[in-house]
Amino acid sequence: MKKRMIAASLSLALAASMLTACGSDDDTLEVSSAETETSESGDSGIPQEAYDDVVAYLTDSAVSAEDVVYTVNGVDITAAEYFYWITYEAYSYSYTYYYSYYSYPDLTAELDGTTMADYVLEDAYYYATLNAAVYSKALEAGVTLSDEYQESYDSYIPDSITSLGEDLWDEAVAAGTVDEDEYDEDEKAAWIEEQGTEEMNLSLLYYGTTREGLEEMYLRNYYYQQYENILFGEGGEYEITDEDVEHYIEEQEVRACRYILFGDSSSYEDLTDEEKAAYLEQAEACYAELSSLSGDELDEAISVYTADNPDGNTTGELVYDSSDTVLDDFETLLESLDEGGIGMTGETEDGYYVVIRDSVTADTGFSNSYTVKEECIDAAYQELIAQWVSEMEVVDTGALDDFSVTDFMVALDALRDVIDGVESDE
């Protein structure tokens, strides 16, 4: 299923995934919105200058965290927020590369005069300016955060600190470095607050940003979401109608079905001819049984396969659109069926599929948990945002004139090595 590649969801997905200890072996990028009071470096080896202004530290004072790097329609983008997007995009490129080649790339390596870090910078610019453009449009329209969004925005940082601290508490108790019997509830809460705050401070350093920078990004993100609801929700200027949803279903070729696989999607080709023949016999029997049923009886028969899993078959539901990759034989069969129709594929690389085509409605859910209507709204919002981006007025303040993204990546890696050493020593 396609990903909702919008700045809002990218930001939330990143921050939500960033509530583990930084510097983990699998390089899970966990940006946490943290308290950023100045912390003494003490014997940790982390320079005090990094705590004071991590952006200035990583750029050899070429850029400071509070510097405005771009202004979009009058909205300032600070270096702290911008560098959040740089580290996010670096994560995205590294993650994609790793799962293609099973190693992490050198973002600073030059290829045909360009580095991956250069592409990281281009994408960071795109998302930072896009978010600012949407934010400016929302402000222009007089949007203010609802109580629900404001409460979520205000509570994210303290809740994240608590979550981190609680994880550290559990780890310390399990490791025997903390005896929970020696703490009353207030002392435990104070320990969690202190340790969670410091862990988040380290995390912010690890990703080259500040609390203020992350707050800026999150504020824009919440406006981004609320403005979508205002524009496309009930009574909105661009309210999505039933006709809009139907058009989206047709245009995107959204399909829904239930299926029963007789075979093995992981190793069907390794089966013997006799085993494959047995699967064919089971599939034909299932197809004959289901073809004779309809309505509740059909649903009950399918549920038996789902619940009892006879003969080791695999059952499931699938909702997809034209952006997804589906077995050709499977898709051809489904396209030939009317809603409610039942069919059976020939032999595929997985085995034999018995397929029941289901109707698609506004409430039909994709595997990413979004409904068809929500995806329709998102597509319409993206189209509107693309227009805003094409029309936005961007002022380059010149703050990045002496900035080198490759030098920044080298400095960030060095700082991360120090932080990793602090984490491993604790």
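The values are calculated or read from the model by the stated rules, or taken from the named source; none is laboratory data. For clarity, every value in this text was computed on a predicted model and none was experimentally measured. Note that we place each Cβ from the backbone using ideal geometry, even for glycine, and neighbour counts take in every protein chain shown. Calculation scope for accessible area: heavy atoms of the full protein, side chains included, ligands and nucleic acids excluded. Shrake-Rupley method; radii C 1.70, N 1.55, O 1.52, S 1.80 Å.
Structure summary
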item	result
Nitroxide proxy distance, nm - points 7 Å out along Cα→Cβ at GLU187 and ALA379	6.0
Amide H contacts of GLY236 (H built 1.01 Å from N, under 5 Å, at least 5 apart or other chain)	none
Carbon/sulfur fraction of accessible area - the chain, other protein chains in place, 1.4 Å, %	44
Kirkwood-Stokes translational diffusion coefficient of the stretch 329-426, alpha-carbon pairs, 20 °C, 1.002 mPa s, µm²/s	107
FRET efficiency for GLU281 and SER303, using Cβ-Cβ distance with R0 set to 22 Å, rounded to 0.05	0.50
Where only C-alpha atoms are counted, convex hull volume of the stretch 132-197 per residue in Å³	109
Lysine pairs within the chain, Cα separation less than 29 Å, 8 or more sequence positions apart or different chains	5
Mean-position separation - Cα centroids, the stretch 168-201 and the stretch 323-377, in angstrom	49
Calculated FRET value between TYR126 and THR325, using beta carbons and R₀ = 30 Å, to 0.05	0.70
On Cα atoms only, tilt of 273-291 relative to the major axis of the chain in degrees	80
Difference of contour (0.36 nm per residue) and Cα-Cα distance, LEU139 to GLU110	6.3 nm
Shape of the chain, Cα gyration tensor, a/c cut at 1.5	prolate
Residues with amide H under 5 Å from that of VAL69, placed H, sequence gap 5 or more	ILE77, THR78, ALA79
Computed label-point distance, nm, for sites LEU337 and ASP76 using a 7 Å Cα→Cβ extension	5.9
Calculated [θ] (222 nm, deg cm²/dmol) that DSSP helices of n ≥ 4 give over the chain, each run adding -39,500 (n - 2.57)	-18500 deg cm²/dmol
Tilt relative to the chain, helix 79-101 - C-alpha long axis, 0 to 90 degrees, to 10	40
D (Stokes-Einstein, µm²/s), Kirkwood Cα radius, the stretch 144-248, 1.567 mPa s at 4 °C	76
In nm, spacing of pseudo-spin labels at GLU243 and SER100 (7 Å Cα→C-beta vector)	4.3
Per residue solvent-accessible surface (Å²) - the stretch 96-218, probe of 1.4 Å	54
Over the chain, relative contact order from alpha-carbon pairs under 8 Å, at least 6 apart, %	24
Extension reserve of the ASP413-ASN368 stretch, reckoned as 0.36 nm per residue once the Cα distance is removed	12.9 nm
3J(HN,Hα) from dihedral phi, the stretch 217-225, Karplus parametrisation 6.51/-1.76/1.60, rounded to Hz, x for glycine, proline	5, 5, 4, 4, 5, 5, 5, 3, 5
From phi via Karplus (6.51, -1.76, 1.60), per-residue ³J(HN,Hα) for the stretch 401-418 in Hz, x at Gly/Pro	4, 9, 8, 10, 5, 5, 4, 4, 4, 5, 5, 5, 4, 5, 5, 5, 4, 5
Rounded to 10°, Cα long-axis angle of helix 116-140 versus longest principal axis of the chain	90
Separation of alpha-carbon centers, the stretch 384-419 and the stretch 231-287, rounded to whole Å	41
